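The values are calculated or read from the model by the stated rules, or taken from the named source; none is laboratory data. Just so we're clear, the structure is a prediction, and the values are computed from it rather than from any experiment. Because the Cβ atoms are built from the backbone with ideal geometry, glycine has one as well, and the counts that use them run over all protein chains shown.
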Amino acid sequence: MKWLEIIKLRSAGMGEELLEEFLRSLVKPGQSEELVEIKTYRHAALGNDVSVHLHWESERPEQNGTDLGLRLAQTFKEFGLIDHSIWIEEQK
């Protein structure tokens, strides 16, 4: 099953370099065979809004978030408001 973990941060001014540094420190290569891809997005109009998308493929999703997702959300809390959610890909 393919699913997506999204951690959204609305901050008062976290720089892009700081975000990349956090991701490098928390995400280790080969950390999980189930982690397919990590993508980061910045809001088109609000440069302080950042969204980290963790793409997973496993037998079933972690309904409350993965260890990695929870660590990212916890780390980002000191910079602003967090929204952490899990999405399951629709099968056609």
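Just a few scattered comments:
- Every listed requirement among (1) at pLDDT 85 or above; (2) buried (at least 17 other Cβ atoms within 10 Å of the Cβ) is met by L19 save one, (1).
- Qualifying residue in segment 38-56 (condition: more than 20 Å from R10 (Cα to Cα) and modelled with pLDDT of 90 or more): yes
- Of residues in segment 39-50 being exposed (fewer than 15 other Cβ atoms within 10 Å of the Cβ) and of a type in the set (A, V, I, L, M, F, W, C), the one nearest to K2 (Cα to Cα): A44
- Residue list for segment 51-92, filter: buried (at least 17 other Cβ atoms within 10 Å of the Cβ) and closer than 20 Å to V36 by Cα: V52, L54, W56, P61, G65, T66, L68, G69, L72, A73, H84, I86
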